[in-house]
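Read through the structure below, which is laid out as structure tokens, and then see the notes.
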Amino acid sequence: MRQKLAAGNWKMNGTQDQLGMLAQVPPSQPGCEVLICPPAQLLIPAVQQALGRLSIGAQDCHAQAPGAHTGDLSASMIADTGARYVILGHSERRQAHGETDALIQAKAAAAIDAGLCPIICIGESHAQRINGQALDVIQDQLRLSLPDHLTQAPSVIAYEPIWAIGTGLIPSLDQITKAHSAIRAHLRQRFGAPGNDVRLLYGGSVKPDNAAQIFACPEVDGALVGGASLSAEDFGPIITALAAA
Ligand code: PGA
């Protein structure tokens, strides 16, 4: 039985005064984990204030060991903060920082080696969806961005169609189901039975009013939530819907 996961991605939002919100978010419970990924400067106070009620994660890590990489954080540094997760290959980083599948694979390997659980993001553009290439794009991203030892430790894959992020648009439930089934099939084929243990999140415009129907789709183990994770008023009902799914 996979544990459900409600993951909040705060992106480049949040200062120390916003951490008070952590106390208002429904806590992790058996079978349903709640994760907040704040910006890097809040990792240590977030771990302290979450008090084990919530898991804390980072939004990126460097692929290499500590060294001469100005402005970056290694996976081991993130683990040292007490954070347990790291989001990798978010489309905003793929686009704005030119991150390739090969780089994301290297980062995921570094994260696993540092004891972090990677959340590896994949998803097609609007043009790729319109042109009927969505499932092919997903397969390519999986093939190239997952490290070979992915299933030797807990890991998560987030299916986030780029056109659904921050737009208020979501794919049809049939499109979500087909994408998640394709991801699960890929994992089983490549990793065998342990491929069943990887949790699959849907991400892109998850809101309180659409969460329950998304969580009812097969192979959807939770969500990666951007905008709606910034307030307990919005994230709370999404967590409650996931716990009830
Ligand atoms: P959104 O972002 O929920 O604001 O659409 C999701 C994400 O980028 O992970």
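For every residue, the table says whether it meets (1) over 22 Å from Glu99 (Cα atoms); (2) open to solvent by 60 Å² or more (accessible area, probe 1.4 Å).
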{"residue": "Arg143", "(1), (2)": "no, yes"}
{"residue": "Gln152", "(1), (2)": "yes, yes"}
{"residue": "Val156", "(1), (2)": "no, no"}
{"residue": "Thr177", "(1), (2)": "yes, no"}
{"residue": "Arg184", "(1), (2)": "yes, no"}
{"residue": "Leu187", "(1), (2)": "yes, no"}
{"residue": "Ile214", "(1), (2)": "yes, no"}
{"residue": "Gly226", "(1), (2)": "no, no"}
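For the subset of region 110-123 comprising residues that are over 24 Å from Gly52 (Cα atoms) and within 16 Å of the chain's Cα centre (by Cα), which member is nearest to the ligand (Cβ to nearest atom)?
Looking at residues that are over 24 Å from Gly52 (Cα atoms) and within 16 Å of the chain's Cα centre (by Cα), I get Cys121.
Among the residues of region 153-173, those identified as more than 20 Å from Ala127 (Cβ to Cβ) and either over 18 Å from the mean Cα position of the chain (by Cα) or within 16 Å of the ligand (Cβ to nearest atom) (or both) are Val156, Ile157, Ala158, Leu173. Within region 59-101, if we keep just the residues that are in contact with a helix residue (DSSP H, G or I) (Cβ under 8 Å, 6 or more places away or on another chain), among the small types (Gly, Ala, Ser) and under 20 Å from Gly123 (Cα atoms), the residue that is farthest from the ligand (Cβ to nearest atom) turns out to be Gly89. Val137 meets the conditions (1) away from the ligand (no atom under 11 Å from the Cβ); (2) surrounded by 21 or more Cβ atoms within 10 Å (Cβ to Cβ); (3) among the β-branched types (Val, Ile, Thr) in every case but one. The failed one is (2). Any residue in region 196-217 that is more than 25 Å from Ile56 (Cα to Cα), within 10 Å of the ligand (Cβ to nearest atom) and in contact (Cβ under 8 Å) with a residue 12 or more places away in the chain? The answer is no; no qualifying residue exists.
Among the residues of region 61-88, those that are under 19 Å from Gly226 (Cα atoms) and open to solvent by less than 30 Å² (accessible area, probe 1.4 Å) comprise Cys61, Ala83, Tyr85, Val86, Ile87, Leu88.
The values are calculated or read from the model by the stated rules, or taken from the named source; none is laboratory data. Remember, predicted model here, so these are calculated numbers, not experimental data. With ideal geometry, Cβ positions are generated from the backbone for all residues, glycine too; neighbour counts draw on all protein chains shown. Just the protein is used for accessible areas: all its heavy atoms, side chains included, with ligands, DNA and RNA removed. Shrake-Rupley method; radii C 1.70, N 1.55, O 1.52, S 1.80 Å.
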